[in-house]
Amino acid sequence: MRVGRLLLRRILFMVPILFGIVTVTFFATRVVGGDPAVLIVGQFAGPEAIENVRTQLGTNRPLGDQYVSFLADAARLDFGISFFTGDPVEEDLAERLPITLELVILSLALSLVLGVGAGSLAAWRAGSAVDATVRGTSFALLSLPEFWFGMILIYIFFFQLGLAPPPTGQLTFGDPIPRDITGAVLLDAILTANPGALKAAVAHAALPVVTLGVGLSAPFARLARAGILEALESDHMRFGCACGLSPHRLRRYAIRAALPPVVTFGGILFSVLLGGAVLVETVFSWGGAGQYAADAITQNDYPAIQAFVVVAGVFSVLVFLIVDLLYVAIDPRVKL
């Protein structure tokens, strides 16, 4: 019953949040961006040619009319035609978004395992050489440029050692291709039980996932270490120790007490990475939604920009809904 009320309340909150995202996105693209008609026909085109393109795009109509039309279309999940690909924007995103989601989810999973594991180890051995190593390494990783780290991995494992496939996206020419179900090759290979495609997809995903996952593990390690140390020094943990609880059980309770900030930060990172992994996607030619959004921004492709921001906003709201539910599962005392 409590979870049902939480879901209903969060779903109701989503409506004004998404309305605000849609509104801000629409007006920001018009105010900040240039004229897409000029980009399409070229800066040396005549006024008549530019005006014809504006008419075709609908950008010469009053801003209020454009806004109302955009809201009506967005409610039907119709974001229009991309100015530069010529395809419906929702089709472009449906093709590219699963690719980015696969990269983001795998990278976050790896960073959580590495970060929480390293942070827990450092907390258990606070003040030791292990603790100093974890803290020093995490500090260095915080300042590590992800695109640079990705290029170093490519140079070592592809060019020097020949252990990794070329950075050509999810697959290389000649690799087995699984039947397209979700658009994410790794997941499709699992769903279709295609071992050849699965092996190739894992090989191609390894370096980009490591590139993002290793760098993102640093803040998780620091959060986990600080949270566990705080939990171990709390009164209820001292009481448990006095009651004779085993060290293993105390550590399990300490990890659980340290999870809320880790889960919150994971939700924030997920939202950021949907569009923020563009440099890593570019280095590995991943071809995901991040690259698509970056190209749309440089080309003032209003429909593509608007659709991507709205979709990213929906995913962000859903992720934080999941974070709220995890909070309740981790600590039933939390009231949301």
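Per-structure values
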quantity	calculated
Helical segments meeting 27 Å axial Cα length and Kyte-Doolittle 1.0 threshold in the chain (DSSP H)	2-32, 89-124, 195-232, 302-330
Translational diffusion coefficient (Stokes-Einstein; Kirkwood radius from C-alpha pairs) of region 111-185 at 10 °C, 1.306 mPa s, in µm²/s	101 µm²/s
Neighbour-limited loop hits for trypsin sites (Lys or Arg not before Pro), region 81-188 (at most 15 other Cβ within 10 Å; DSSP other than H, G, I, E, B)	125, 179
For region 235-281 and region 168-214, distance of Cα centres in Å	30 Å
Region 82-174 - accessible surface per residue (Å², probe 1.4 Å)	53 Å²
Exposure rule at most 10 other beta-carbon atoms within 10 Å, DSSP loop chymotrypsin sites (Phe, Trp or Tyr not before Pro): the chain longest free segment	174-336
The chain, relative contact order in percent, only Cα pairs under 8 angstrom and at least six apart counted	26 percent
With 20 Å bins from 0: P(r) over the chain, alpha-carbon pairs, percent	25, 50, 23, 3, 0
Accessible surface of residue 230 - all protein chains present, 1.4 Å probe, nearest 10 Å²	130 Å²
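The values are calculated or read from the model by the stated rules, or taken from the named source; none is laboratory data. Quick caveat: nothing in here was measured; it's all calculated off a predicted structure. Ideal geometry is used to build each Cβ from the backbone, glycine not excepted, and the neighbour counts take in all protein chains shown. Only protein heavy atoms, including side chains, enter the accessible area calculation; ligands, DNA and RNA are left aside. Shrake-Rupley method; radii C 1.70, N 1.55, O 1.52, S 1.80 Å.
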